[in-house]
Amino acid sequence: MASDHAGYTLKLQLKAWLEAQGADVRDFGCYSSESCDYPDFAHPCANAVENAEADFGVILCGTGNGISMTANKHQGVRAALCWDVPLAELARQHNNANILALPARFISEELALKITEAFFRTDFEGGRHERRVQKIALH
Ligand code: RB5
């Protein structure tokens, strides 16, 4: 997981929920609500996913835009900005997203939990989507 100050509180709430589900969670920061820069935390989290040290990432900033833009600079990372449950399901089914990005200032904790639960319970469909996902990478 990673966030900036805008996503910090929601990150802690989601982290507690994920750990209660049995997930082994690593938090790459930030570690307080003090103003900070999302790339400082997005890059280490995206590195962990890119290097297969982590299966998935969950990242948050105010809009979800800056932190997902940063994560998507990493080859092998497919970060999806999701603000509702169907988006999270489709990000897994069609895009094999491996990082969930959330807009912390625009969704409630209750909705964030529903989105996160949907992301982790949904599998990639493969098939025609596999070909498309393979074409994302720059060669
Ligand atoms: C911080 O104020 C805000 O700019 C940041 O959390 C994020 O929304 C950037 O994309």
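Where a number appears in this text, it was derived from the coordinates with a stated rule and is not lab data. Model, not experiment: these values are computed from the prediction.
Which of rounded, prolate, oblate describes the stretch 12-125, given a ≥ b ≥ c as roots of the alpha-carbon gyration tensor eigenvalues and a/c under 1.5 marking rounded, otherwise prolate only if a/b is larger than b/c? Numbers along the way, then the final one.
Details: a/c = 1.30, a/b = 1.11, b/c = 1.18.
Here the stretch 12-125 falls in the rounded category.
Taking the chain as a Gaussian network of alpha-carbon nodes connected by springs under 10 Å, the highest mean-square fluctuation of the residues GLN21, GLN13, GLN75 belongs to GLN21.
Indicate the gyration tensor shape class of the stretch 38-100 (rounded, prolate or oblate), computed on the Cα atoms with a ≥ b ≥ c the square roots of the eigenvalues: a/c under 1.5 is rounded; otherwise a/b larger than b/c is prolate and the rest oblate. Verdict is oblate for the stretch 38-100. Comparing ALA16, ALA71, ALA42 in a Gaussian network model of the chain where C-alpha atoms under 10 Å apart are linked, the largest mean-square fluctuation is found at ALA16. For the stretch 9-17, 3J(HN,Hα) computed residue by residue from phi via the Karplus equation (6.51, -1.76, 1.60; θ = phi - 60°) reads 5, 5, 4, 4, 5, 5, 4, 4, 5 Hz, glycine and proline entered as x.
Between the alpha-carbon centres of the stretch 118-139 and the stretch 5-26 there is a gap of 25 Å.
Per-residue ellipticity at 222 nm, computed for the chain from helices alone with -39500 (n - 2.57) per DSSP H run of at least four residues, works out to -13000 deg cm²/dmol. Quick one: of LYS73/LYS114; LYS11/LYS73; LYS11/LYS114, which pairs are farther than 18 Å apart, Cα to Cα? From LYS73/LYS114; LYS11/LYS73; LYS11/LYS114, over 18 Å: LYS73/LYS114; LYS11/LYS73.
The phi-based Karplus calculation (6.51 cos²θ - 1.76 cosθ + 1.60; θ = phi - 60°) puts the 3J(HN,Hα) values of the stretch 66-82 at x, 6, 6, 4, 5, 4, 6, 6, 8, 4, x, 9, 10, 8, 10, 7, 10 Hz, whole numbers, x for Gly and Pro. Judged by the gyration tensor of its Cα atoms, with axes a ≥ b ≥ c, the stretch 96-139 is oblate; a/c meets the 1.5 cut and b/c is at least as large as a/b.
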